[in-house]
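Since the structure comes first, as structure tokens, the remarks are kept for the end.
The values are calculated or read from the model by the stated rules, or taken from the named source; none is laboratory data. No experiment lies behind these values; they were computed from the predicted model shown. Note that each Cβ is placed from the backbone with ideal geometry, even for glycine, and that neighbours are counted across all protein chains shown. For accessibility, only protein heavy atoms count, side chains too; no ligands or nucleic acids. Shrake-Rupley method; radii C 1.70, N 1.55, O 1.52, S 1.80 Å.
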Amino acid sequence: MTNSSQPPQLTLTPSPNDTNSEVAVNDTVVITNPTQNTPAPTTQHPPQTVPITQRKTRSERVALHMAPQGYFAKILSNFRHEHYGLVLLMMILCSFVISAILNAWDPPFTYRLHDIVHRAIVCNTKFKIISASAKEYEMEKVRKNTIHIFVNDTDPLDQLRESLWSTISAFITAHRYDKLNDKEREIWNQFLIPRGQKNIPPDVNPQEAFDKFISHFNDEQMVDLLNDQLRKVFSSYGIHGLIMSLDFDSEEGDVEKILVYPKGKTPKDSVEFKLREVQISDGSSLREMLRKYLPKDMQNDTFVGQIFNWIYPRLRSTLTEDKNATALATKEKLNAVSDVYVDYAPGRILVDSGKILDIVALRLLRAEYEEAMKNRAKNNNVRRIVRFGSLVVTNTILFVVSWGFLRRRERRRPQTPQSFLFLMTMIVITVAASRLLHGGTLTNAEWELLPILIFVMTISIMYSWELAVVFSFVMVIVISFGGGGSIGTLIVLFSTAVATAIQLGRLRSRKKLLLVSFNAGLVAFVLTIAVGLFSGRELAVVLFFDALTNWGWSFIAGVLMTGLLPFIEGYFGILTDMSLLELGSVSHPLLQSLNRLAPATYGHSMQVGTIAETAADAIGARGLLTRVGAYFHDIGKIMKPEYYTENQGEKENIHDKLEPQVSTIVVIAHVKDGVDLARQHRLPKPLIDLIEQHHGTSVVSFFFGRAKNKDDQQTQQLDESTFRYPGPKPQTKEAAILMIADACESACRSMGTTATPGKVENKVHVIIKQKLDDGQFDDSGLTLRELKTVENSVIKSIIAANHGRIRYPGQVDEENHKIPTPPEIITHNMQRSM
């Protein structure tokens, strides 16, 4: 007789037909009370109370009641166990390197091109600067005084002399005018036409002139003497050459002297000549040469004029400028020009009030700044060290505060020392690139935008836009004030960075990067104009050019990031939504194999993906990552699909013939097999983590319960850990949501047609409660509020998936009775058949 005061007992009633997950056994809790009329158990042992977790040890029970750690003790513990010390060391090192890049030991140069000077800038340090205008004046003098170099080719003169003597010899041979043929008479007429005229003067008789010309050659000695003297005339021209005119003016070189060297020699052999000695011009020098060298009897104006009339029209330049030699000589003289310095004393006004800084004024201010920094380096080393150290401390505090904020508010952050080192390295590279671009700027535009926006896009894609915003704010402060920027610079840089980051929440197409950069560029464009007008600049073309430059840098950052994104994804194992969409395609080889070998598991995975994505989106987690992870979470079942109930169909359950421990090993193996397959197919690490963590360290409760019910004596010797999955527990919200969706979908599917909304809600609540009590969500970051939201979302999704449909006429109901067809439908069908 059973005592009616005996308390109810909890009996585990496993469902042997469902072994595909740890909750497939339904873990139904049945309250048995001897006072009630209940059917007798079918087993020979009475119902047993089954503990779900192991009994805590004495030390664990004592630890529950120990006093909490103090504030500093907790910090020290974190330094030991969470790499705080290493992270802090990297922050200090990063701050030191950034301070060195920014030359933190000296104050920055604060002026930029096109800045408006509101108050006159007075010289505080004695300095001197190269006067560009004075040096340019000296160099211009060198160019004007440069003597051009020519090469003399005497071959044309030799040919002209031979042609002249050949003509005179023909006249001497004829001796009489009437013996000249027509061609010879035509040639003789050329001796009689004066320079600048086309015909023989009317008062000149060609025959009389010829007879008088020939009379000079009655003596053969005169013929030889004339030949020798003509040779001397042409030889003198052969020394310095002839030139018709110069092809340069007085601004390009000396127009009174030239340097000449003979053909076949080098410019080093050049001899200086006056231009009037070599220039043909009106031929006066030729007349003088003829009077000087012709025999005395032939120095009359008539004979000299006749020889001149024939030679002058046939003279050609023998001098050709050697431009390479001239340019080289000019360059050597220009290089020899010394710098011309202008001294500035303290108190002298460098830039007047209201002036807009141009390049000349900016160079003047830069020269005074550099001289002041030289003096400071000589006399104030202690102050330089103090300033450097203060900036290192400031940067470190900024990093620590930012990291502390992110640690409390942002879970998508670097979790390992290696990933944090990468973040610090990115910051250093960004600051260095910004410093380099700032030093080479020729406009008032913010050239630092390019590296900052590339940093923001990279961090937003790798981690989160919130992390990118926080660290971009730190960098903008460091770059703006450490590099001599203004509040306007900070506003433009930070606002553009934020406008870029907040658009990168989900990146599902590569063209989105271009759209993001385009929109961020518009923010930079508007802010550049607004800040410029606020600071007193005029609404002029220069301001619009600066604004357009800032927009261009923003857009270029997007273009560069579009090209760099595949390399960043591959090298750092980053999963963007674009990559997830590609991996989530049903044409993936693993999913194709799963559909072919384990179709029921494939359908289960698809359903779990839909449920998990909706739940993840409900709490702001990565729904797409969760869905694609759900597609692959059971790919390990490809290895032994027949060992899982959903794939057995009408076949006998293999596990009925196996020991519970053996069945547990087989079921648990699908996690390890799935991880191995994922690695073989090079799935990204986040997906591998979801496969590995989707069961956590849960108990395979069906086989654990079967083992406990098998024999009371063996029950006391069972080790629960042998029935647990190897884990680890879910480390992210996505993994925890996948665990919940997998367990709930399996359990509710096993309920079949009895899965009413109420039963589904109760089943989901019980499963999540068990997981929570078992500590499966301890490392996932899920809050209780988020867990409740996930629960509601899963319930709605499963109820929607199990929705009912009305049975249409002609269908068979559950008792295989045909549903009667309404009379009006029968009448309609008869009318159609008639």
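Just checking, does the stretch 88-97 include any residue being of a type outside the set (A, V, I, L, M, F, W, C) and over 30 Å from Ser250 (Cα atoms)? Full working, then the answer.
Here is the first cut: in the stretch 88-97, the residues of a type outside the set (A, V, I, L, M, F, W, C) are 95.
From what is left, the residues that are over 30 Å from Ser250 (Cα atoms) are 95.
For the stretch 88-97, residues of a type outside the set (A, V, I, L, M, F, W, C) and over 30 Å from Ser250 (Cα atoms): present.
Residues that are at pLDDT below 80 and buried (at least 21 other Cβ atoms within 10 Å of the Cβ): does the stretch 611-628 have at least one?
At the first step, the residues of the stretch 611-628 found to be at pLDDT below 80 are none.
Checked the stretch 611-628: no residue is at pLDDT below 80 and buried (at least 21 other Cβ atoms within 10 Å of the Cβ).
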Count, please, the residues in the stretch 637-672 that happen to be in contact with a Lys or Arg (Cβ under 7 Å, 6 or more places away or on another chain) and at pLDDT 85 or above. 1
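Would you be able to say whether some residue in the stretch 481-492 is modelled with pLDDT of 80 or more, surrounded by 24 or more Cβ atoms within 10 Å (Cβ to Cβ) and under 19 Å from the mean Cα position of the chain (by Cα)?
Checked the stretch 481-492: no residue is modelled with pLDDT of 80 or more, surrounded by 24 or more Cβ atoms within 10 Å (Cβ to Cβ) and under 19 Å from the mean Cα position of the chain (by Cα).
Considering every residue within the stretch 201-209, establish whether at least one is open to solvent by 80 Å² or more (accessible area, probe 1.4 Å), in a helix (DSSP H, G or I) and farther than 14 Å from Pro313 by Cβ.
Residues of the stretch 201-209 that are open to solvent by 80 Å² or more (accessible area, probe 1.4 Å), as a first pass: 202-203, 207-208.
Filter once more, keeping what is in a helix (DSSP H, G or I): 207-208.
Now drop any that are not farther than 14 Å from Pro313 by Cβ, which leaves 207-208.
Yes, the stretch 201-209 contains at least one residue that is open to solvent by 80 Å² or more (accessible area, probe 1.4 Å), in a helix (DSSP H, G or I) and farther than 14 Å from Pro313 by Cβ.
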Within the stretch 188-225, residues being at pLDDT below 85, within 15 Å of Asn300 (Cβ to Cβ) and not aromatic (Phe, Trp, Tyr) number 2
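Considering only the stretch 723-735, I want to know if a residue exists there that is hydroxyl-bearing (Ser, Thr, Tyr), at pLDDT below 95 and under 21 Å from Ala616 (Cα atoms). Full working, then the answer.
The initial filter retains those residues of the stretch 723-735 that are hydroxyl-bearing (Ser, Thr, Tyr), namely 725, 732.
Next cut, at pLDDT below 95 only: 725, 732.
Then drop every residue that is not under 21 Å from Ala616 (Cα atoms), which leaves 732.
The answer is yes; a qualifying residue exists.
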Segments classed as helices (runs of 4 or more DSSP H), wholly inside the stretch 484-591, with at least 3 members that are of a type in the set (S, T, N, Q): 487-501, 511-534, 541-572
Before we move on, is Leu319 out of contact with any Lys or Arg (no Cβ under 9 Å at 6 or more places or on another chain) and open to solvent by less than 70 Å² (accessible area, probe 1.4 Å)? yes
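I'd like the residue in the stretch 474-483 that is small (Gly, Ala, Ser) and assigned to a helix (DSSP H, G or I) and, out of all such residues, is nearest to Val392 (Cα to Cα). Talk me through it step by step, then tell me what you get.
Our first condition is that a residue be small (Gly, Ala, Ser); within the stretch 474-483, this holds for 480, 482-483.
When the remaining residues are screened for being assigned to a helix (DSSP H, G or I), the result is 480, 482.
On the way: Ser480: 15, Gly482: 11 Å.
Out of the qualifying residues, it is Gly482.
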Of Ser163, Ser133, which residue is without any contact (Cβ under 8 Å) to a residue 40 or more places away in the chain and open to solvent by 30 Å² or more (accessible area, probe 1.4 Å)? Ser133
Which of the residues that make up the stretch 684-720 are at pLDDT below 75 and outside any helix (DSSP H, G or I)? Asp711, Gln716, Gln717, Leu718, Asp719
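Look through His817, His828, His765 and report the one residue that is at pLDDT 85 or above and either farther than 22 Å from Gln693 by Cα or out of contact with any strand residue (DSSP E or B) (no Cβ under 9 Å at 6 or more places or on another chain) (or both).
Values: His817 fails: at pLDDT 85 or above; His828 fails: at pLDDT 85 or above.
Selected residue: His765, the only one of His817, His828, His765 that is at pLDDT 85 or above and either farther than 22 Å from Gln693 by Cα or out of contact with any strand residue (DSSP E or B) (no Cβ under 9 Å at 6 or more places or on another chain) (or both).
How many residues does the stretch 268-289 contain that are of a type outside the set (Asp, Glu), out of contact with any Ser or Thr (no Cβ under 9 Å at 6 or more places or on another chain), part of a helix (DSSP H, G or I) and open to solvent by 40 Å² or more (accessible area, probe 1.4 Å)? Walk me through how you get there before you give the answer.
Here is the first cut: in the stretch 268-289, the residues of a type outside the set (Asp, Glu) are 268, 270-271, 273-276, 278-281, 283-287, 289.
Subset that is out of contact with any Ser or Thr (no Cβ under 9 Å at 6 or more places or on another chain): 268, 270-271, 273-275, 283-287.
Remaining after also requiring part of a helix (DSSP H, G or I): 268, 275, 284-287.
Next, from what is left, pick out any that are open to solvent by 40 Å² or more (accessible area, probe 1.4 Å): 268, 284, 287.
Selection size over the stretch 268-289: 3.
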Among (1) surrounded by fewer than 24 Cβ atoms within 10 Å (Cβ to Cβ); (2) in a helix (DSSP H, G or I), there is one condition Lys637 misses while meeting the rest; what is its number? (1)
